[in-house]
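A.B. asks: Mind looking over this structure? Questions follow.
We did not get these values from a lab; they are worked out from the coordinates using the rules stated. None of these values were measured; they are calculated from a predicted model. Here the Cβ positions follow ideal geometry from the backbone for every residue, glycine too, while neighbour counts run over all protein chains shown.
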Amino acid sequence: MTRHRTMVDAQHVLGANVRRCRLAIGLSQEEVAERMGVDRAYVSGLESGRRNPTLTTIWAIAQALGVEMSTLVSVAAASDPAPPIRKRAPRRKPTG
């Protein structure tokens with residue numbers, strides 16, 4: 001396995017765990033973002049494995065979710081089923 005592949009896998013493990021923990025406590029991506037002081041799109045990027053956060057950022061995520069950092073990087077935790085995704089209502093186009 002190449003180094004790049006390992007890094008991508010680690011990003012996906014982290015993202016799956018962030019999403020699982022977030023949904024388990026009933027928070028939206030926006031609420032987690034507010035707790036971290038980042039944009040909602042950043043949380044989305046973390047959850048999808050597109051972001052490669054620093055150790056400091058992983059600490060901030062853990063604090064925002066009320067979990068240990070080890071929970072976020074655990075391969076075993078990432079394989080646990082995530083709660084079902086809530087369907088959002090479609091966005092309305094502004095009138096006028």
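A.B. asks: Please give, to one decimal in nm, the separation of the simple spin-label points placed at residue 23 and residue 74, each 7 Å out from Cα toward the Cβ.
C.D. replies: So the two model labels end up 1.7 nm from each other.
A.B. asks: Which distance in nm do the two modelled labels at residue 10 and residue 40 give, with both placed 7 Å along the Cα-to-Cβ direction?
C.D. replies: Here the answer is 3.0 nm between the modelled labels.
A.B. asks: Kirkwood Rh, region 3-76, all Cα pairs: how many Å?
C.D. replies: Value: 11.9 Å, from the Cα pair sum.
A.B. asks: Please name which of 58, 48, 36 has its Cα lying farthest along the dipole of region 3-76 towards the positive end, using unit charges on Cβ (Lys, Arg +1; Asp, Glu -1) and the Cα centre as origin.
C.D. replies: 48
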